Amino acid sequence: MRRRVFAKSLAALPAVVAGGQARAHAALVKSEPPRRAVLSKAPRQIRLWFNERLEPAYASISIQRDGDAKPIDAPRATVDAADPKLLVLELPALAPGQYTVKYRVLSVDGHTVDYGYTFTLKP
């Protein structure tokens, strides 16, 4: 009897694992500028690609120059109409320094991801 229960449990394991993977959080796949990049030219946009479609109403990016009290004033980030996994923020002209990019996204599976990274703009 125990062997049958164990065998049935073992047989169900792949379905449980696959189901867990289907409900994973939206993960950042690629970013422009990349994490920890040192740039000679200021970027015109922050572009973040995720492994899942994003909910546009709950997706945001902010950027702050290290040492400044407030984030840089920029328009609201938008999910790209042609690629629902891409989040874009148009940037104003940036001065040299280190910047922190923070993003918050809600994937269509209902999970929120709050994270960030830095890059540096050389003088």
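The values are calculated or read from the model by the stated rules, or taken from the named source; none is laboratory data. Please read all numbers here as calculations on a predicted model, not as lab measurements. Cβ coordinates were reconstructed from backbone atoms using ideal geometry, including for glycine residues, and neighbour counts include every protein chain displayed. Keep in mind that these areas ignore ligands, DNA and RNA; they rest on the heavy atoms of the full protein, side chains included. Shrake-Rupley method; radii C 1.70, N 1.55, O 1.52, S 1.80 Å.
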In this structure, does Pro14 turn out to be assigned to a loop (DSSP other than H, G, I, E, B) and either under 21 Å from Lys122 (Cβ atoms) or modelled with pLDDT under 95 (or both)? no
So which residues in the stretch 83-108 are more than 23 Å from Val38 (Cα to Cα) and open to solvent by 60 Å² or more (accessible area, probe 1.4 Å)? Lys85, Arg104, Val108
Members of the stretch 30-82 found to be out of contact with any Ser or Thr (no Cβ under 9 Å at 6 or more places or on another chain), open to solvent by 30 Å² or more (accessible area, probe 1.4 Å), in a loop (DSSP other than H, G, I, E, B) and within 11 Å of Val101 (Cβ to Cβ), listed by number: Pro34
May I ask you to list the residues in the stretch 43-82 that are without any contact (Cβ under 8 Å) to a residue 40 or more places away in the chain and of a type in the set (Lys, Arg)? Arg65, Lys70, Arg76
What's the total number of residues in the stretch 97-123 that are part of a strand (DSSP E or B) and either in contact with a Gly (Cβ under 8 Å, 6 or more places away or on another chain) or not β-branched (Val, Ile, Thr) (or both)? 17
Quick check on the stretch 83-96. Is at least one of its residues in contact (Cβ under 8 Å) with a residue 12 or more places away in the chain, in a loop (DSSP other than H, G, I, E, B) and within 12 Å of the chain's Cα centre (by Cα)? yes
Selection count, the stretch 77-114, where residues are modelled with pLDDT of 95 or more and in contact with a Leu (Cβ under 9 Å, 6 or more places away or on another chain): 19
